[in-house]
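To start, the structure itself, in structure tokens.
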Amino acid sequence: MGYFSQSTALILLILTTLMWGSWFQFSKRLNGYPVSAFMLLLYSFSVVLVWVIIAILKPYFFEESIRQMFQDNTGICLGAVLCGMMQAAGTQVNMRVIKNVGMILATSITATTGILLGTAISVYFGGLRAGQSVGKIFLGAIVLLAATILSQYAALMRDRDTGAASDQQNYREEIRFRFKELLMLLASASLLTPAYSFAQSAFVKTDLRADGIPQLLCIGFLSIGGFLGTLMISGIQLTVRRQWHLVLSSRKIIAMSVVSAVCHYGGNVLYTFCAPILSHAVAWPIGTCHNFWHYVWGIGYGEFKGTTRKTKLMLGAGMAGFVLGVLILC
């Protein structure tokens, strides 16, 4: 089942987190271009990219035809499509609610459910390799969760240092006013975010799980679901706002969406090869280190210039936590 050694798989998984942590940077630089249109382009290019890769690699990785595997595993294939739709929906809802209630509060909730629940799903359905323990895996996951929250708190401190955030009282009033959006985020994080982890752990055939479909085929059906889910959600938004004419209006945005698709679903393809080697139970929490790269990019763009020493120490503690979490899981 292993195409690489475990050390190579770990390096490629870290590369995957870099790719996942990079595509979101484009979504913050749309300059008024509709996010719904950007997401539609991203998932459109993603599904094309994944199935081109499948067409190229299928002689080397598939023993049966795709049609035969679909007929033999119809429920699993359709389940992967559904999980892809849920993941895409969760991504869009989370982006909307992050904008409304703030990154620190949003991430505190999504990280808790995404990291811990996703890890629990991966452990239960994906299985463990010899020498791996549930306690050690959850210790690493908890450290990664703490690292995520510390880093987000550093971002909140940064905004206070630079005057970008409102005072604490206004922030509390704003959260109370937007309580419905907070509930939407909680529902999204709890029900939609772990869908990808579930599909990779429960639907992929590995040496730890006899039934299922090849990992590359699973990512193919996930990409179809991601496209269909985004088409529905973005399609409704673009129709209501009468913005369909803007979808192909910017060559720069189209190029950004192509690069984002390579980072997002190209990373997903890499993950499908790395995760079975390390075990999904270990790969999933390490995969959440894409949050680490958000801050690397932020430092590179000078987002923490002019902040206090306390803020920088908080950020350093958070980033060190990511490294510690990965070391524990290794």
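How many residues are within 27 Å of the chain's Cα centre (by Cα) and hydroxyl-bearing (S, T, Y) if we restrict to the range 44-61?
Our first condition is that a residue be within 27 Å of the chain's Cα centre (by Cα); within the range 44-61, this holds for 44-58, 61.
Now restrict to residues that are hydroxyl-bearing (S, T, Y): 44, 46.
Going through the range 44-61 one residue at a time, the tally reaches 2.
The residue that is least open to solvent (accessible area, probe 1.4 Å), among those in the range 291-324 that are among the hydroxyl-bearing types (S, T, Y) and in a helix (DSSP H, G or I), is T311.
If you go through the range 189-226 and keep only what is open to solvent by 40 Å² or more (accessible area, probe 1.4 Å) and either on the phi > 0 side of the Ramachandran plot or in contact with an Asp or Glu (Cβ under 7 Å, 6 or more places away or on another chain) (or both), you end up with just K205. When M256 is tested against (1) surrounded by 18 or more Cβ atoms within 10 Å (Cβ to Cβ); (2) not in a helix (DSSP H, G or I), only condition (2) is not met. Of the residues screened, R242 is one that is open to solvent by 60 Å² or more (accessible area, probe 1.4 Å) and at positive phi. When residues in the range 29-68 are screened for being surrounded by 13 or more Cβ atoms within 10 Å (Cβ to Cβ), within 23 Å of T230 (Cβ to Cβ) and not β-branched (V, I, T), 16 of them pass.
Candidates in the range 274-290 are the residues that are modelled with pLDDT of 90 or more and among the β-branched types (V, I, T); of these, the one that is surrounded by the fewest Cβ atoms within 10 Å (Cβ to Cβ) is I286.
Residues in the range 259-272 that are at pLDDT below 90 and open to solvent by 20 Å² or more (accessible area, probe 1.4 Å): 0 in all. Exactly one residue out of G75, G135, G140, G131 is modelled with pLDDT of 85 or more, open to solvent by 20 Å² or more (accessible area, probe 1.4 Å) and over 23 Å from L222 (Cβ atoms), and it is G135. With the requirement that a residue be under 18 Å from the mean Cα position of the chain (by Cα) and closer than 20 Å to A195 by Cβ, what does the range 124-145 give you? A141, L144, L145 - these are the residues of the range 124-145 that are under 18 Å from the mean Cα position of the chain (by Cα) and closer than 20 Å to A195 by Cβ.
Just the residues that are in contact (Cβ under 8 Å) with a residue 12 or more places away in the chain and either part of a helix (DSSP H, G or I) or within 24 Å of the chain's Cα centre (by Cα) (or both), please, taken from the range 62-77. Talk me through it step by step, then tell me what you get.
Start the filter on the range 62-77 by keeping residues that are in contact (Cβ under 8 Å) with a residue 12 or more places away in the chain, which leaves 62, 66, 69, 73, 76-77.
Within the range 62-77, I66, M69, I76, C77 qualify.
The values are calculated or read from the model by the stated rules, or taken from the named source; none is laboratory data. These numbers were taken from a predicted model, which means no experiment stands behind them. Heads up, the Cβs are rebuilt from the backbone with ideal geometry, glycines too, and the neighbour counts pull from every protein chain shown. SASA here: full protein model, heavy atoms, side chains in, ligands and nucleic acids out. Shrake-Rupley method; radii C 1.70, N 1.55, O 1.52, S 1.80 Å.
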